[in-house]
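Asks: Have a look at this one.
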Amino acid sequence: MADPSSYRPKPGQIPDSPGVYRFRDDHRRVIYVGKAKSLRPRLSSYFQDLANLHPRTRTMVTTAASVEWTVVSTEVEALQLEYSWIKEYDPRFNVKYRDDKSYPYLAVTLNEEFPRVQVMRGAKKKGVRYFGPYGHAWAIRETVDLMLRVFPVRTCSAGVFKNAERTGRPCLLGYIGKCSAPCVGRVTPDEHRELAEEFCDFMAGRTGAYIRRLERRMTDAAEEMEYERAGRLRDDIGALRRAMEKSAVVLADATDADLIAVAEDELEAAVQIFHVRGGRVRGQRGWVTDKVEEVDTAGLVEDALQQLYGEESGDSVPKEVLVPALPEDQVATDALSQWLSERRGSQVSLRVPQRGDKKDLMATVGRNARQSLVLHKTKRASDLTTRSRALEEIAQALGLDSVPLRIECFDISHLQGDDVVASMVVFEDGLARKSEYRRFQIKGFEGQDDVRSMHEVIGRRFKRYLAEKERTGEWTEENEGSTAPGENGENGENADDAADDTTGQIPAAPGENGHAGHLGTSSLKEDDGRPKRFAYPPQLVVVDGGRPQVAAAKRAMDELGIDDVAVCGLAKRLEEVWLPDDDDPVVLPRSSEGLYLLQRVRDEAHRFAITYQRAKRAKRIRTSPLDDVPGLGETRKQALIKHFGSVKKLRQATIEQICEVPGLGRKTAESVAVALAGTAPAAPAVNTATGEIMEDDGGSTHD
């Protein structure tokens, strides 16, 4: 590991002007390329105390052995040079997007004498007009098949074309009218090129004028009583409209724009791009990247723009580029906009949509980006070899005697100290075991204290384990690593505390969901047939949080004499792994499969906890004083509210008036009156928009 001070430039040596810089390692390989509007402060920031640097930046500067720079005139030149160097050197510490698939394009080879329509993948070629990209090649073929009726452009390969020229016979498409058969001279090269250009115009979004022209020709043919020609034109119009329907209108003003959205976590980022032409989504693609450098959302967007448009020019760069974030420095934003404009040859608007259809569409692109990131992580975690390597890396990093085949993760969730709950999720062999998820209500105290809450939850979980161990006897070596489910509810708690996340049912016993334990059925269940409680211990407990939460969990386990279960915490800010009694965290490599697994376990615990917390809050908000009236069912509650109009008016009613409601006897009416008398009305609700006082209803929280 190099000492950055060994290659730090001398004071005054770095120029105070725009430029691009390169860090090289001791083998002279370029490991990082960056740009700056002023090189002096930017480069100086890399040579401060290592403790103050971001972990990824610290790794980069200690890997480097030298730094060099090139001065340029403007930030636009810096942007262009940075892209060129990244493309040339492929530095390991720069963000580099990679396609999550090879997207197909609809291509028209205008560089040939007889242009051809075809599906193309890979690098773009000069003189070829591209449309897309598309999600699937079959989508391109369906569109082309509909449009060949109107634009009978050549689609055959060079070999088929030459064979038809030699024999004087066109292919099948030529016989059925879906090719103008330039191979046998039915149309001249100029006529065929005109067809290809009309095809390109239609695909580029100039659809309305062409369809109106066909409609006029159809009307004229009908007036001249050329009904066969009018019928063919009618069918042509229908085919074009079906082709248009395959890409729905999303922007009513026929906008040409690219929308770029980013979903990210501490280690990876996913980018989704929607290509909108003529107001319709004409293509979509996505990229995924490792965040090997310290970069914010605006930086990810800038890198995506460079990769997306670095090799493009002309109409391939749209008039408008919509992004989720822009650099805070307006000069940097202007430089990006100017660079895009130079590539297009005319002004390009680069902005963040604030309202209307474009903002709504950007939200859709963002959802696709988030789904893409989740799918990428799920694929990575589902491979058996990858899971095995992840567990081995965790064991090695945490100093465990064996791989943690069963991992339990705990998280605390609340809303400003209200409805404090906790979750426990279980992963076995690197896969989620949802039937053994558990949910807890914090009962030991009121208010917000995540550390104290974690201590309570860990203590309660392992008290249940010790109770099961005492009731059934010591575990034998044979069944030490077996898995058994827990029970529905914990020691009198709300039954929701142990419901399965997906079905809400009592967790299944082993063998019912694909996990067959090697204990007999009688030892897996209670005497009454219910699954055992918290019977099996994990090899590793993960808590969502840093040193305080880890210390609380460890203290709870020590108090119960649990010394054979490892515990660690995963702090979200820098994804650091904390161990009990350690002053410094364990920093797993950014590409570590073990870190990805810990992240996934932690994120699942957070999702499960916040889902439960929101459900409890919603249930509390929907409560009514009538819920506590014995013998009053939902039907009669609705009848009361319907009769009086609101709980407020019901509270003011006499027992005789309540008895007038059909189906209510005097005894029930007295119970209703007593229940409502015991609940004091809160301050009236006020509509903040109009200032008027709103009447209470049956679902009000303050009745």
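The values are calculated or read from the model by the stated rules, or taken from the named source; none is laboratory data. As the structure is a computational prediction, the values presented were derived from the model and not from experiment. Neighbour counts are summed over all protein chains in view; Cβ atoms, including those assigned to glycine, are modelled from backbone coordinates with ideal geometry. Accessible surface is based on the protein model in full, side chains and every heavy atom, while ligands, DNA and RNA are left aside. Shrake-Rupley method; radii C 1.70, N 1.55, O 1.52, S 1.80 Å.
Asks: Using heavy-atom solvent-accessible surface (probe 1.4 Å) with all chains present, what is the largest-first order of GLU68, GLU328, GLU408?
Replies: If we order GLU68, GLU328, GLU408 from most to least accessible, we get GLU328, GLU68, GLU408.
Asks: Go through the range 154-171 residue by residue and turn each phi into a ³J(HN,Hα) via Karplus (6.51, -1.76, 1.60, θ = phi - 60°); whole Hz please, and just put x for glycine and proline.
Replies: Running phi through 6.51 cos²θ - 1.76 cosθ + 1.60 with θ = phi - 60° gives 4, 10, 7, 6, 4, x, 5, 4, 5, 5, 5, 4, 5, 8, x, 10, x, 6 Hz.
Asks: Cα centroid distance between the range 405-448 and the range 311-386, in Å?
Replies: 36
Asks: Give the lysines reachable from LYS434 as a straight Cα distance under 29 Å; neighbours fewer than 8 places away on the same chain don't count.
Replies: Output for LYS434: LYS377, LYS379, LYS443, LYS463, LYS469, LYS525, LYS532, LYS554, LYS572, LYS616, LYS619.
Asks: Hey, another quick one. How much accessible area does GLU88 have with a 1.4 Å probe, in Å² rounded to the nearest 10?
Replies: 120
Asks: Per-residue accessible area for GLU294 at 1.4 Å probe radius, Å² rounded to 10?
Replies: Result for GLU294: roughly 110 Å² accessible.
Asks: Quick check: with the 1.4 Å probe, what order do PHE445, PHE462 take by accessible area, largest first?
Replies: Reading off the accessible areas and sorting them downward yields PHE445, PHE462.
Asks: With respect to the cross-link table entries LYS319/LYS359; LYS35/LYS319; LYS124/LYS178, which display a Cα-Cα separation exceeding 22 Å? Numbers along the way, then the final one.
Replies: Working: LYS319/LYS359 17 Å; LYS35/LYS319 26 Å; LYS124/LYS178 27 Å.
Violating the 22 Å Cα-Cα cut-off are LYS35/LYS319; LYS124/LYS178.
Asks: What trypsin sites (Lys or Arg not before Pro) in the range 1-30 are in a loop by DSSP, with at most 12 other Cβ atoms within 10 Å of the Cβ?
Replies: Filter output for the range 1-30: ARG28.
Asks: Determine the per residue accessible area of the range 320-384 with all protein chains present and a 1.4 angstrom probe, expressed in square angstrom.
Replies: About 55 Å² of surface per residue is accessible.
Asks: Same structure again: Step through the residues of the range 400-406 one at a time and calculate ³J(HN,Hα) from phi using the Karplus curve (6.51 cos²θ - 1.76 cosθ + 1.60, θ = phi - 60°), rounding each to whole Hz and writing x for Gly and Pro.
Replies: Couplings: 7, 6, 8, 5, x, 5, 10 Hz.
Asks: What list of ³J(HN,Hα) couplings, whole Hz, do you get for the range 186-199 from phi and the Karplus terms 6.51, -1.76, 1.60, once you set θ to phi - 60° and write x for glycine and proline?
Replies: 5, 10, 7, x, 5, 5, 5, 5, 4, 4, 5, 5, 5, 4
Asks: Which value, in Å², gives the accessible area per residue of the range 104-185 when a 1.4 Å probe is used on the protein heavy atoms?
Replies: Result: 50 Å² per residue.
Asks: Got a number for carbon plus sulfur as a percent of the range 355-467's accessible area, 1.4 Å probe? Don't jump to the answer; show the numbers that get you there.
Replies: On the way: 2480 of 5180 Å².
The nonpolar share, carbon plus sulfur, comes to 48 percent.
Asks: Would you rank THR57, THR635, THR219 by solvent-accessible area, highest first, keeping every protein chain in place and using a 1.4 Å probe? Before the final figure, lay out the partial values.
Replies: On the way: THR57 20, THR635 115, THR219 65 Å².
Of THR57, THR635, THR219, the descending order of accessible area is THR635, THR219, THR57.
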